[in-house]
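Participant: Right, I'll just put the structure down here and ask away after.
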Amino acid sequence: TDLINIKKKLKIPLNLEMAPTKEMLNIALRNKPNFVCIVPERRKEITTEGGLNLQKNKKFLKNMILKLKNRKIRVSLFIEPLLPVVESAFLLGSDCVELHTGSFSNSFNKKKKQLAKACYYTLKVCAERAKDFGLEVHAGHGLTYESALALSKIEGISEFNIGHFIVAESLFVGMKTT
């Protein structure tokens, strides 16, 4: 019901974040958002703790992506920043990847400079490889204003997903200020 109401009132493109399940596929096909981002969701998980395992349900994911794209729904996969995973996302037919920035965000926020630098480099290399495959590149998980700013220096990342931080920050200073 929320999705239907939001879609009726929304004046901007709708991006549906969804688990790789038959139920969510049917909801997306029925409601036809502009974009979907397929993410792993585990029972009792407070927030997504890692990227999709693209090898686990490869056939199901490929079929899911094909069905969504046939309905003109753009597909992104939330993945770990690993070169073989980037290639797998391309081979599955994804339009886009969202690189999981959890390791970078944790090390950056805890001022672990060497680890943050290594994670940054990994994200940079993966973003470059994804662009080479013709994939659009997004990044997200655990980002703050400061960590998103640091990652914005990586060419090729076109979107940073920091909505969770923005909403959480607004609890302290209000949405308008945030």
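The values are calculated or read from the model by the stated rules, or taken from the named source; none is laboratory data. In this text the structure is predicted, and so the values were computed from the model without any measurement. Backbone-built Cβ (ideal geometry, glycine too); neighbour counts: all protein chains shown. Heavy atoms of the whole protein, side chains included, go into the accessibility calculation; ligands, DNA and RNA do not. Shrake-Rupley method; radii C 1.70, N 1.55, O 1.52, S 1.80 Å.
Participant: Considering only residues of the range 145-175 that are β-branched (Val, Ile, Thr) and modelled with pLDDT of 95 or more, which is nearest to VAL36 (Cα to Cα)?
Facilitator: Ranking the qualifying residues of the range 145-175, first place goes to ILE157.
So that you can scan it fast, the table gives a plain yes or no per residue for (1) within 26 Å of GLU169 (Cα to Cα); (2) among the polar types (S, T, N, Q):
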position	(1), (2)
LYS72	no, no
LEU77	no, no
ASN106	yes, yes
LYS113	yes, no
CYS119	yes, no
GLU128	no, no
GLY134	no, no
GLY140	yes, no
THR144	yes, yes
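Participant: Right, something else. Restricting attention to the range 79-98, which residues are more than 15 Å from GLY134 (Cα to Cα) and open to solvent by less than 10 Å² (accessible area, probe 1.4 Å)?
Facilitator: Result: ILE79, single match.
Participant: Which residue, of LEU29, LEU66, LEU61, LEU25, is at pLDDT 90 or above, assigned to a helix (DSSP H, G or I), surrounded by fewer than 14 Cβ atoms within 10 Å (Cβ to Cβ) and aliphatic (A, V, I, L, M)?
Facilitator: LEU66
Participant: Identify all residues within the range 121-158 that are under 25 Å from ASP95 (Cβ atoms), open to solvent by 40 Å² or more (accessible area, probe 1.4 Å) and free of Cβ contacts under 8 Å to residues at least 40 places away in the same chain; write none if there are none.
Facilitator: Listed by number, the residues that qualify are LYS124, GLU128, LYS131, ASP132, SER152, LYS153, GLU155, SER158.
Participant: While we're looking at this one, here's another question. Looking at the range 67-88, I want the residues that are of a type in the set (Asp, Glu) and have a partner that is in a loop (DSSP other than H, G, I, E, B) with Cβ atoms under 6 Å, at least 6 apart or on another chain. Which pairs are those?
Facilitator: Matching pairs, first to second residue: GLU80/GLY51.
Participant: I'd like to check something: does the range 91-105 contain any residue that is at pLDDT below 95 and over 16 Å from the mean Cα position of the chain (by Cα)?
Facilitator: no
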